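To start, the structure under review is shown below, and the notes come after it.
The values are calculated or read from the model by the stated rules, or taken from the named source; none is laboratory data. Given the structure is predicted, the values throughout are model-derived calculations rather than measurements. Don't worry about glycine lacking a Cβ; one is built from the backbone with ideal geometry, like all the others, and counts go over all protein chains shown. Accessible surface is based on the protein model in full, side chains and every heavy atom, while ligands, DNA and RNA are left aside. Shrake-Rupley method; radii C 1.70, N 1.55, O 1.52, S 1.80 Å.
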Amino acid sequence: MANKKKTTTTTTSSNYDIVKFCAFWGLVIAAIAAVVSFILALLGKCGVEWNLLGRVVGICNTISQIALIIAALIPAYRYSRGKATVWQAFFWVAVIFIVLGLVGINLAF
């Protein structure tokens, strides 16, 4: 009589929940920022200037970029973790460039 083998799989849902959360809210904030900047562009064509709302749109764009980057970094880290050291180095260099780019964007405000 053959013994039945019991296979179990375990997944950590907390990391996937963070990815889902960041991806969802990053897209929502990016959509809101796109609509607001479109409305501001239309108002700018009509001669209305609202500098404060331009800053709000910039901040919303930065927040959405951060959320989307976090949503992409977690699976990218998992991918590079099992690869050679060169791929892990490429990953960390990319992370450093992304952080420096975000700091540069925030200095513009």
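For this structure, a couple of remarks:
- Per-residue 3J(HN,Hα) values for the range 63-77, derived from phi via the Karplus relation 6.51 cos²θ - 1.76 cosθ + 1.60 with θ = phi - 60°, read 4, 5, 5, 4, 5, 5, 5, 4, 5, 8, 5, 5, x, 5, 5 Hz in sequence order (x marks Gly and Pro).
- Surface composition of the range 34-89: carbon plus sulfur atoms contribute 70% of the solvent-accessible area (1.4 Å probe, protein chains only, all chains present).
- For the range 21-92, the set of trypsin sites (Lys or Arg not before Pro) satisfying both a DSSP loop assignment and a count of at most 13 other C-beta atoms within 10 Å is given as Lys83.
- Long-range tail of P(r) for the range 26-109 (Cα pairs > 14 Å, %): 70
- Solvent-accessible area per residue in the range 30-74 equals 65 Å², computed with a 1.4 angstrom probe and all protein chains kept.
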